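Undergrad: I am attaching a structure below and will ask some questions about it afterwards.
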Amino acid sequence: MRGVVFSGDRELSVEEFPQPEPGPRQVVIRMEAAGLCGSDLRPYRSSPEALGPRTSVIAGHEPCGTVEEVGAQVRKVKVGDRIMVHHYSGCGHCQHCQAGWTQLCANGSKVYGSHAHGGFADRELVEDYMCVPMPDELSFEEGAACSCGTGTAYQALKRLGISGLDTLAVFGQGPVGLSATFLGAVMGARIIAVDPISERRRLAEGLGAWQTIDPSHTDPVEAIKELTQGQGADASLDATGIAEARANAVRSTRIWGRACLVGEGGDVTFEPSPDIIHRQLTLIGSWTFSTGILEELGNFIVQRQLPLSDLITHRFSLEHAEEAFKLFESGATGKVVFTWP
Ligand SMILES: [Zn+2]
Ligand SMILES: [Zn+2]
């Protein structure tokens, strides 16, 4: 079977790997769709030295497909089931694993696509508890989006307690930010979408943004205050991981506001007194989601007949992985997925 590996310095290759065989509690998935995530760009851009052993691991952590083979002790899924993959393994026994949060495992978790073979492949071998059932009405492409980017946005909005009472500023309109715009609007909030790339602002408008701001031309904190009678947004979410955007996300909220950091890496400088303490700000960090939340999201999308597929702008087959990553890195896309027609 084929699998995509990052070789370092924006090089990647489609290589041949042996067909996986399931252990007693493992499952082989036939891939139907696998999404590109903003966090894939970090290993994509890394040097070969920084990647180290990852240059021999299949990348991709938004897999979605059909169960092809199961081990003798697997009860959770059966051959033919359509599933999303919660892309972490853990000890299975600690409180976090028991709650479906294997990425928080007290005994160390493995990220599939980084430490174990991931989803940019014809097949993937996973533990049975990583398989999350999905409704028939949810497409594989939509399931792939939910499996990291859209699921991350959904959980962050839940953490923020977003409702129709809120004006929410979303910094960054990549796959996570666009998902937050889309789902936040569905939850009733007025969304102010911030991104310097015009294509992404246009997508945000199509996905329900009330207003968009180009931070390369306008001070977003001032612009958000102007749109909210000088008060600031009720809540903000940073999906960029960029220091300036993070600080702006915090500073653009009103007194008693909430801010949520989602974008990873990098750093940020706040002035605790004026930025946080004297404004009674609630500052939240949110990292992906549990198996239960992923299942809930699939049902949420189907029950409300949400057009999540509007988020997906580009589809590639695996052999065009290089082209897919070049385009995705340009930023002028919504969600990009590999598909297996
Ligand atoms: Zn991701
Ligand atoms: Zn654990």
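Read-outs: derived from the displayed coordinates by stated rules, not from any lab. Bear in mind that the values here come from a model prediction, so they are computed numbers and not experimental data. Every residue, glycine as well, gets a Cβ built from its backbone with ideal geometry; the counts of neighbours run over all protein chains shown.
Undergrad: Order these by the 10 Å Cβ neighbour count, fewest first: Val67, Val194, Val79, Val28.
TA: Exposure proxy ranking, most exposed first: Val79, Val28, Val67, Val194.
Undergrad: Taking the Cα centre of segment 152-285 as the origin, how large is its charge dipole in debye, to the nearest 20, when only Lys and Arg (+1) and Asp and Glu (-1) carry charge on their Cβ atoms?
TA: 420
Undergrad: Another question about this same structure. Under 23 Å between alpha carbons, and skipping anything fewer than 8 positions from Lys326 in its own chain: which lysines qualify?
TA: Qualifying lysines at Cα under 23 Å: Lys335.
Undergrad: Compute the distance in nm between two label points, each set 7 Å from the Cα along the Cα-to-Cβ direction, one at Ser47 and one at Thr282.
TA: The two pseudo-label positions are separated by 4.4 nm.
Undergrad: Give the percent of DSSP beta bridges with both residues in the chain that are antiparallel, rounded to the nearest 5. If you can, show how the numbers build up before the last one.
TA: Working: 30 of 56 bridges.
Here the antiparallel bridges make up roughly 55 percent for the chain.
Undergrad: Per the Kirkwood formula on distinct C-alpha pairs, the Rh of segment 217-279 is how many angstrom?
TA: Details: mean 1/r = 0.0852 Å⁻¹.
About 11.7 Å, per the Kirkwood formula over Cα pairs.
Undergrad: Express in % the proportion of alpha carbon pairs of segment 214-341 at distances exceeding 25 Å.
TA: Result: 45 percent of Cα pairs exceed 25 Å.
Undergrad: If you average the C-alpha positions of segment 111-135 and of segment 54-94 separately, how far apart do those two centres end up, in angstrom?
TA: For segment 111-135 versus segment 54-94, the Cα centre distance is 4 Å.
Undergrad: Kirkwood hydrodynamic radius of segment 269-323 from all distinct Cα pairs, in Å?
TA: Evaluated over segment 269-323, this radius sits at 15.9 Å.
Undergrad: Can you work out the Karplus-derived ³J(HN,Hα) for every residue in segment 203-214? Use 6.51 cos²θ - 1.76 cosθ + 1.60 with θ = phi - 60°, whole Hz, and x for glycine or proline.
TA: Taking θ as phi minus 60°, the curve returns 4, 4, 4, x, 9, x, 5, 7, 9, 10, 10, 9 Hz for segment 203-214.
Undergrad: Hey, how many Å between the Cα centroid of segment 184-250 and the Cα centroid of segment 271-296?
TA: First find each Cα centre; the distance between them is then 17 Å.
Undergrad: Any chance you could list P(r) for segment 152-285, counting all Cα-Cα pairs in 5 angstrom bins from zero, rounded to whole %?
TA: Percent of Cα pairs in each bin: 2, 12, 25, 27, 22, 9, 2, 0.
Undergrad: Return the whole-Å distance between the Cα centroid of segment 1-48 and the Cα centroid of segment 304-322.
TA: Cα centroid to Cα centroid, the span is 18 Å.
Undergrad: Using a Gaussian network model of the chain whose springs link C-alpha atoms within less than 10 Å, name the residue from Gly113, Gly80, Gly263 with the highest mean-square fluctuation.
TA: Gly80
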